[in-house]
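Read the figures in this text as sums done on the coordinates, not as results from a lab. Here the structure is a predicted model, which is why all the values come from computation and not from measurement. As a convention, Cβ positions derive from the backbone with ideal geometry for all residues, glycine included, and neighbour counts pool all protein chains shown.
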Amino acid sequence: MHYKYDVVVVGGGHAGCEAARATARLGLKTALVTMNADLIAQMSCNPAIGGIAKGHLVREIDALGGAMGEIADATGIQFRLLNTSRGPAVWSPRAQCDKKQYRLRMKEMLEREPNVYLKQGEVAGLLMAQGEGRGRATGVALRDGRTISAGAVVVTTGTFLNGKAHIGEERYSCGRSGEAASQVFSQVLRDAGLRWTRLKTGTPPRLDGRTINWDACEPQVGDAEPTPFSFLTGRIEREQIRCFLTYTSDATRGVIQASLGRSPLYSGQIEGVGPRYCPSIEDKFVKFPDKARHQLFLEPEGVDTNEVYVNGMSTSMPIDVQAAMLGSVGGLENAEMIRPGYAIEYDAVDPRELAGTLEVKKIPGLYLAGQINGTSGYEEAACQGLMAGLNAAAALRGEGPVILGRQEGYIGILIDDLVTKGADEPYRMFTSRAEYRLSLRIDNADERLTPVGRRAGLVNDERWDAFLRKGVQKAALFAALEGGRDGGKQGAWLKRPESKLADIPEWVGGVLEDAILPGVLTTVETEVKYAGYIAQQGRQVAKIAQSSERRIPAGFVFAEIPGLSREVSEKLKLVQPETLGQAARIPGVTPAAISILDVYLRVQHGLQHA
Ligand code: FAD
């Protein structure tokens with residue numbers, strides 16, 4: 001049986017859902033092929049969306065017209081705005097979601113898209129055609145014999161390629177717990193000549209909530225006024241739940257120390273590289289031996305399930321050791337596991353095989369997004385899916401690529417990091433990866449990206465109108481703050497750190513005729529308070545944009561530049577970048593080295609812009 005589509009998306013995880021929805025909304029008939037159509041948008045690990053820097057990604061996905069923010073708002077059961085003790089640049093929303101509702105809502109949203117066609121099956125082959133001297137992807141073949149031809153193929157296979165689970169000495173092939181791995185397709189992509197790496201991640205046990213002694217744990221409540229992810233969500237209406245906090249004990253340390261030899265991480269059984277920033281519980285005790293105890297958050301996985309996620313206890317220890325560890329924790333003495341924790345190793349492509357559009361350089365028409373590119377996390381996957389979808393659609397419609405700069409958003413940073421530096425461990429987003437943090441805030445993601453989404457065709461009229469109305473309110477507030485009878489006075493007052501527009505509702509009400517739109521007061525406050533810093537960052541961005549175009553002459557001798565380390569000049573010699581911008585993206589070439597090179601090129605060579 002053969003089908004014809006404009007686009008075929010392989011994988012119905014977080015990347016695949018965004019990719020399929022984007023191409024479908026851009027008018028392209030899209031097939032979404034996934035191993036189990038009931039598990040679309042399944043959260044393989046913690047039942048939460050957002051968090052530090054990840055919350056920024058969700059806001060950006062939403063600003064571009066993606067789905068994740070709206071689904072998280074509709075299914076969130078505990079919202080918290082993180083980092084509020086620090087500046088607004090790093091405030092980040094997080095929501096624990098009802099895991100089952102999240103996937104059901106996403107599936108429902110996809111099924112309502114007239115251009116999305118779901119197909120359950122395992123993709124086992126890539127259809128290729130020869131053209132312009134290179135093979136071009138033209139579709140996929142399913143293991144059950146069906147074939148699908150398409151103008152673009154977007155692969156988002158997550159942890160499934162050659163996946164192998166580890167629980168103690170036991171190891172078996174799987175994509176994630178209870179689901180088969182994808183082995184054939186991994187080999188197909190290897191045979192296509194892509195470079196590969198082997199990575200690893202892990203997850204904690206899920207407990208039966210009825211067996212937890214909740215009274216021995218500390219309740220953790222969410223924010224009284226939840227901060228939504230989507231610019232289109234007015235208020236979160238759903239009832240909110242409590243989570244709980246408990247701690248490991250000396251006895252937990254004893255259990256782990258006595259059993260380290262049985263840990264697949266320490267016995268050498270696991271070869272893949274795991275995320276340093278998200279260590280397993282056994283790793284935490286080994287790497288931080290002086291820390292008396294570790295926090296464990298008990299997070300219900302939904303409102304109509306007994307399953308509780310033990311955040312902080314990711315492990316691949318044998319099941320009897322996991323049970324002993326749990327028995328050593330206050331409140332969990334009698335807790336029973338529904339599912340044990342495990343680690344998973346999987347194949348990932350070296351993302352340096354990709355262009356900034358997420359298209360494979362060697363194979364036109366083939367796009368990769370999500371965990372297959374060496375990232376970790378739902379949000380990191382979703383934003384790549386969205387960008388791969390936008391770019392596949394743009395290419396098919398004969399339009400220019402949609403590539404975000406590092407100064408435009410965390411999504412731009414993530415993709416630029418991946419395609420220039422690669423991922424030698426699972427890549428997750430941090431605010432520290434951003435050079436211009438103050439300009440990349442959650443409150444202004446719409447200003448940065450909604451016009452991009454609108455140009456690409458993904459932002460609908462409802463979102464665009466909300467965006468324009470917010471702009472009008474912002475302009476009115478600024479005009480009133482800068483002029484008017486008492487504007488100058490209010491402007492000076494607002495510059496003080498403790499001043500908030502919400503504290504002067506009558507003044508705000510006198511300026512704005514309509515109901516205040518979400519986020520507008522925060523944006524105005526932040527831009528007033530940090531005006532000097534924001535302007536300074538703007539100048540830096542402009543300067544770097546200007547110098548990144550500066551050409552480096554062919555055969556340039558980097559070793560002759562005083563002040564450049566030998567290591568850096570050797571890297572530059574090896575790559576021979578053509579512009580300063582390219583030089584800056586070579587791993588290990590520091591911003592300081594780029595400044596030296598910039599000055600040298602200008603002074604010694606009097607070089608002009610490209
Ligand atoms: P996935 O969500 O994995 O979706 C892949 C999809 O592709 C699935 O629907 C699958 O059915 C489909 N598929 C695969 N192969 C084929 C094929 N050949 N044909 C058709 N369909 C196919 N993230 C964190 O941020 N922190 C963590 O601590 C963390 N721990 C994790 C622990 C475990 C055990 C696992 C499994 C994942 C963990 N993750 C963690 C990762 C998180 O789940 C992923 O980052 C995220 O789900 C990746 O999204 P994705 O869309 O790339 O892939």
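Data overview
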read-out: Diffusion constant of the range 349-459 at 37 °C, which comes from Stokes-Einstein with the Kirkwood Cα-pair radius and 0.692 mPa s, µm²/s; value: 231
read-out: The range 147-214: trypsin sites (Lys or Arg not before Pro) in DSSP coil with no more than 14 other Cβ atoms inside 10 Å; value: R195
read-out: Beta bridges per DSSP with both ends in the chain, % antiparallel, nearest 5; value: 70
read-out: Loop sites in the range 444-490: trypsin sites (Lys or Arg not before Pro), DSSP, at most 12 other Cβ within 10 Å; value: R485
read-out: Where GluC sites (Glu not before Pro) fall in DSSP loop in the range 542-590, at most 15 other Cβ within 10 Å; value: E549, E578
read-out: The chain shape via C-alpha gyration tensor axes, a/c threshold 1.5; value: rounded
read-out: Pairwise label distance in nanometres, K4 with D304, each label 7 Å out on the Cα-Cβ vector; value: 4.3
read-out: Amide proton proximity set for C97, modelled H, under 5 Å, gap of 5+; value: A48, I49, I77
read-out: About the Cα centre, charge dipole magnitude for the range 94-143 (Lys/Arg +1, Asp/Glu -1 at Cβ), debye; value: 240
read-out: Pairwise centroid distance, computed over Cα atoms, of the range 449-468 with the range 396-427, Å; value: 21
read-out: Order of D416, D62, D320 under a 10 Å beta carbon neighbour criterion, fewest first; value: D320, D416, D62
read-out: Selection from M387, G400, L414 lying farthest towards where the dipole of the range 379-424 points positive, charges on Cβ; value: G400
read-out: Positive minus negative residues near A466 (Lys, Arg vs Asp, Glu; Cβ under 15 Å); value: -3
read-out: Charge dipole (debye, nearest 20) of the chain; +1 at Cβ of Lys and Arg, -1 at Cβ of Asp and Glu; value: 1420
read-out: Under-5 Å amide H pairs with I338, H placed in peptide plane, nonlocal only; value: R206, L207, D208
read-out: Packing-based exposure ordering (other Cβ within 10 Å, fewest first) of S182, S267, S376, S316; value: S267, S376, S182, S316
read-out: Mean Cα-pair separation over length for the range 361-412, i.e. relative contact order, pairs under 8 Å, 6 or more apart, %; value: 25
